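Reading through the C-alpha cells given below for one structure.
What follows is calculated from the coordinates using simple rules that are stated; it is not laboratory data. Predicted model only: the values in this text are computed from it and were never measured. With ideal geometry, Cβ positions are generated from the backbone for all residues, glycine too; neighbour counts draw on all protein chains shown.
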Amino acid sequence: MEHIPKTPDHKKPFAEHITLWVGSPSSLVAHTILFLVVLALPFFGYPLEKALLVLTTAVSLEAIYLALFIQMSINRNTAQLASVEEDIEGIQEDVEEITEDVEEIQKDVEEISEDIDEITEDVEEMQKDVEGISEEIEEIGEDMEGIEKNVKEISEDVAELEEATDEDKVREARIEQDEVDRIAKIETLLSELKKELLSMKK
C-alpha cells in the first residue's frame, strides 16, 4: 500500500492551522483567561451587560469563523481523499497488471520446467547411449588385444618360416655345390680316361 506523506507544518493552509490551534491545550487556556477577564470587568466598574454583549458577539464571530475554517479543512481533506482514492484505483490497476504478469511468469516457469524435464530425459538417454558406446569401445579394445596377439603369433610364425626357408636355401646351395663338385670330378676322370685311351692308341 502506498504511503501518504504528511504535509509539513509550514506548508499547511491557514484554516488548518486555526482548527489545530483551537483544539490544542493553549487554546483552552487562552479562552479560559478571556472568559475570566470579561467576567471580571464588572468588578472594575465596567457594565456587566456590555461585557456579556461583547463576549457573546466575540464568541459568535469566533464560532462562525471556526465553522468556516473547519469547512475549509474538510473540503481540503475531501480533495486529498479524492486524490488518494484515485491513487488507490491506480494502485489496484497496477496490482491487477502485476497479477497478470505473475500468472504469465508462472506459465513461463511451468513451460521452462517441462523443457528442463525433457532435457533431463534426453540427457539420461544420452548417458545410456554413452554407456553403451563405452561398452562397445571396451569390447573393441578387447578384440584389438586379441588381434594384436594373433598378429604377434603370425609374425612369430612368419619369422620361423623365414628361418626355415633360409636353412632350406643353405641346404640346396650345399647340394648344388656337391653336385658341381661331383660333375667336376667326373669331367676330370673322363679327361684322364681320354688321355689314357689316346696314349694306348699310339
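Structure data summary
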| read-out | value |
| --- | --- |
| Evaluated at q = 0.13 Å⁻¹: base-10 log I(q)/I(0), Debye formula over Cα of the stretch 107-151 | -0.49 |
| Segment D168-L36, extension gain: residue separation times 0.36 nm, minus the distance between their alpha carbons | 31.8 nm |
| Dipole axis of the stretch 12-124 (+1 Lys, Arg; -1 Asp, Glu on Cβ), positive-most option in L55, M72, T32 | L55 |
| Magnitude of the charge dipole, the stretch 12-124, Cβ model with Lys/Arg +1 and Asp/Glu -1, debye to 20 | 3700 debye |
| Rg over Rh, two decimals, the chain (C-alpha only, Kirkwood Rh) | 2.05 |
| Relative compactness, the stretch 12-124, computed as alpha-carbon Rg over 2.2 N^0.38 Å | 2.48 |
| In Hz, Karplus ³J(HN,Hα) per residue of the stretch 183-191 (6.51, -1.76, 1.60; θ = phi - 60°; x = Gly, Pro) | 4, 4, 4, 4, 5, 5, 5, 4, 5 |
| Point-charge dipole on Cβ atoms (K/R +1, D/E -1) for the chain, about Cα centre, debye to 20 | 2980 debye |
| GNM result for the chain, Cα springs below 10 Å: residue of T120, T188, T78 fluctuating most strongly | T188 |
| Stretch gain in nm, segment T57-D157, where the contour uses 0.36 nm per residue and the Cα spacing is subtracted | 21.7 nm |
| Label-reachable residues, the stretch 57-88, where backbone N falls under 19 Å from a point 7 Å from S27's Cα toward its Cβ | 57-78 |
